[in-house]
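Novice: Sending over a structure as structure tokens; questions will come in a sec.
The values are calculated or read from the model by the stated rules, or taken from the named source; none is laboratory data. As the structure is a prediction and not an experimental result, all values here were calculated from the model. Cβ atoms come from the backbone with ideal geometry, glycine included; neighbour counts cover every protein chain shown. Keep in mind that these areas ignore ligands, DNA and RNA; they rest on the heavy atoms of the full protein, side chains included. Shrake-Rupley method; radii C 1.70, N 1.55, O 1.52, S 1.80 Å.
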Amino acid sequence: MPKRIAVLVSGGGTNLQALIDAQARGELTGGVLAAVISSSPEAYALERARRAGIPGHVLPRGDAGAVTAALVELLKGLDIQLVVMAGFMTIVTGQLFRHYENAVINIHPSLIPAFCGPGCYGLRVHEKALEYGVKLSGATVHFVTEQCDAGPIILQKAVPVLPDDTPETLQRRIMEQCEWKLLPQAVSLFCQDRLAVEGRAVRVLERPALDSAREDNL
């Protein structure tokens, strides 16, 4: 059975669209987009989900503890195995990560550990990269833990920073060349049981871990 994926969103949902497009191309091996969960009823990502035939849900408003409890109950009720944060701007508590240890992933628009952590999101990430004068930037897919942007790194991809870049042009290049490619790839690897977390490192297996275990038992 394919792993059921829930995508958490708050805004336009461009990374959600990348996952929807990858699923349409048959590239989410071993997984299926089962739900889109938004922190806002106005998020355009919900319209993307509706057009793709994916059930959409809106979280109730409240403090972080109440929102997290509602989210965990919803995820459990939907039988979700993988949670993808795709522009999800709502604070959640450790309850989510205890229920879904090494099963919540996020995409961040920089090469972590550069330009990440509290307050580093959206265009601010690219502003800081340009202010620092880096020659390369990119995106990182990582497992999410209670510490912001500090979970084990799954995949990274870099692009050049050009002399005439603005935060907007750099953001667009990273989205098109990094984020929209890395996120579906990481989701597919997870759903194929090909990610092994070893401390801070994530090893990409050549074949699913379950297949290897079956052979070892023969």
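Novice: Identify the residue in the stretch 156-186 that is in contact with a Lys or Arg (Cβ under 9 Å, 6 or more places away or on another chain) and among the aliphatic types (A, V, I, L, M) and, among all such residues, is surrounded by the most Cβ atoms within 10 Å (Cβ to Cβ).
Specialist: Restricting to residues being in contact with a Lys or Arg (Cβ under 9 Å, 6 or more places away or on another chain) and among the aliphatic types (A, V, I, L, M), the top hit is Ile174.
Novice: Using the structure shown, decide if Ile20 is β-branched (Val, Ile, Thr) and in contact (Cβ under 8 Å) with a residue 40 or more places away in the chain. Let's see the steps before the verdict.
Specialist: Numbers: β-branched (Val, Ile, Thr): yes; in contact (Cβ under 8 Å) with a residue 40 or more places away in the chain: no.
Spelling it out, it is not the case that Ile20 is β-branched (Val, Ile, Thr) and in contact (Cβ under 8 Å) with a residue 40 or more places away in the chain.
Novice: Right, something else. What helices (runs of 4 or more DSSP H) lie completely within the stretch 50-160 and have 1 or more residues being among the aromatic types (Phe, Trp, Tyr) and under 19 Å from Ile5 (Cβ atoms)? Write out each step before concluding.
Specialist: Working: elements: 64-77, 94-99, 123-132.
Correct list: 94-99.
Novice: Shifting gears a bit: Of all residues in the stretch 172-205 being over 18 Å from Val125 (Cα atoms) and of a type in the set (S, T, N, Q), which is farthest from the chain's Cα centre (by Cα)?
Specialist: Looking at residues that are over 18 Å from Val125 (Cα atoms) and of a type in the set (S, T, N, Q), I get Gln192.
Novice: Still on this structure: Name the residue, out of Val125, Val159, that is hydrophobic (A, V, I, L, M, F, W, C) and closer than 28 Å to Gln23 by Cα. Step through it out loud before you land on a result.
Specialist: Details: Val125 fails: closer than 28 Å to Gln23 by Cα.
That would be Val159, the only listed residue that is hydrophobic (A, V, I, L, M, F, W, C) and closer than 28 Å to Gln23 by Cα.
Novice: Also: Please work out if Ala43 is in contact with a His (Cβ under 7 Å, 6 or more places away or on another chain) and either closer than 21 Å to Gln81 by Cα or surrounded by 19 or more Cβ atoms within 10 Å (Cβ to Cβ) (or both). It would help to see each step written out before you state the result.
Specialist: Details: in contact with a His (Cβ under 7 Å, 6 or more places away or on another chain): no; either closer than 21 Å to Gln81 by Cα or surrounded by 19 or more Cβ atoms within 10 Å (Cβ to Cβ) (or both): yes.
Answer is no for this residue.
Novice: Related question: Considering the stretch 1-33 alone, what residues qualify as being in a helix (DSSP H, G or I), open to solvent by less than 40 Å² (accessible area, probe 1.4 Å) and either among the β-branched types (Val, Ile, Thr) or more than 17 Å from Ile107 (Cβ to Cβ) (or both)?
Specialist: Just the residues of the stretch 1-33 that are in a helix (DSSP H, G or I), to begin with: 14-24.
From what's left, open to solvent by less than 40 Å² (accessible area, probe 1.4 Å): 15-16, 18-20, 22.
Residue satisfying the conditions is Ile20 alone.
Residue-by-condition table, conditions (1) free of Cβ contacts under 8 Å to residues at least 40 places away in the same chain; (2) over 19 Å from Leu8 (Cβ atoms); (3) aromatic (Phe, Trp, Tyr):
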| site | (1), (2), (3) |
| --- | --- |
| Val84 | no, no, no |
| Gln95 | yes, no, no |
| Glu101 | yes, no, no |
| Ala114 | yes, yes, no |
| Lys128 | yes, yes, no |
| Thr145 | no, no, no |
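Novice: Does at least one position in the stretch 34-48 carry a residue that is in contact with a helix residue (DSSP H, G or I) (Cβ under 9 Å, 6 or more places away or on another chain), more than 20 Å from Leu183 (Cα to Cα) and part of a loop (DSSP other than H, G, I, E, B)? Steps first, please.
Specialist: Here is the first cut: in the stretch 34-48, the ones in contact with a helix residue (DSSP H, G or I) (Cβ under 9 Å, 6 or more places away or on another chain) are 35-40, 45, 48.
From what is left, the residues that are more than 20 Å from Leu183 (Cα to Cα) are 39-40.
If we keep only those that are part of a loop (DSSP other than H, G, I, E, B) too, we end up with 39-40.
Yes, the stretch 34-48 has at least one match.
Novice: Looking at the stretch 118-142, which of the residues that are small (Gly, Ala, Ser) and open to solvent by less than 10 Å² (accessible area, probe 1.4 Å) is farthest from Val204 (Cα to Cα)? Can you show your working first?
Specialist: First, pick out the residues of the stretch 118-142 that are small (Gly, Ala, Ser): 119, 122, 129, 133, 137-139.
The next check asks that each one be open to solvent by less than 10 Å² (accessible area, probe 1.4 Å); those that pass are 129, 137-139.
Numbers: Ala129: 28, Ser137: 23, Gly138: 20, Ala139: 18 Å.
Only one residue tops the list, namely Ala129.
Novice: Among the listed residues Ala114, Ala129, Ala139, Ala150, which satisfies the condition of being under 14 Å from the mean Cα position of the chain (by Cα) and more than 17 Å from Phe97 (Cα to Cα)? Outline the logic, then answer.
Specialist: Working: Ala114 fails: under 14 Å from the mean Cα position of the chain (by Cα); Ala129 fails: under 14 Å from the mean Cα position of the chain (by Cα); Ala150 fails: more than 17 Å from Phe97 (Cα to Cα).
Of the residues listed, the single one that is under 14 Å from the mean Cα position of the chain (by Cα) and more than 17 Å from Phe97 (Cα to Cα) is Ala139.
Novice: Another question, if that's okay. Consider the stretch 75-96. How many of its residues are of a type in the set (A, V, I, L, M), modelled with pLDDT of 95 or more and surrounded by fewer than 17 Cβ atoms within 10 Å (Cβ to Cβ)?
Specialist: Qualifying residue count for the region: 1.
Novice: Looking at Val36, Val58, which is the one that is of a type in the set (Val, Ile, Thr), over 30 Å from Ala201 (Cβ atoms) and crowded, with 21+ Cβ neighbours inside 10 Å?
Specialist: It is Val36.
Novice: State all residues of the stretch 61-71 that are buried (at least 19 other Cβ atoms within 10 Å of the Cβ) and in contact with a helix residue (DSSP H, G or I) (Cβ under 8 Å, 6 or more places away or on another chain); if no residue qualifies, say none.
Specialist: Result: Thr68, Leu71.
Novice: Give the residue that is nearest to Tyr100 (Cα to Cα), with candidates limited to residues of the stretch 1-33 that are more than 15 Å from the chain's Cα centre (by Cα) and hydrophobic (A, V, I, L, M, F, W, C).
Specialist: The qualifying residue nearest to Tyr100 (Cα to Cα) is Met1.
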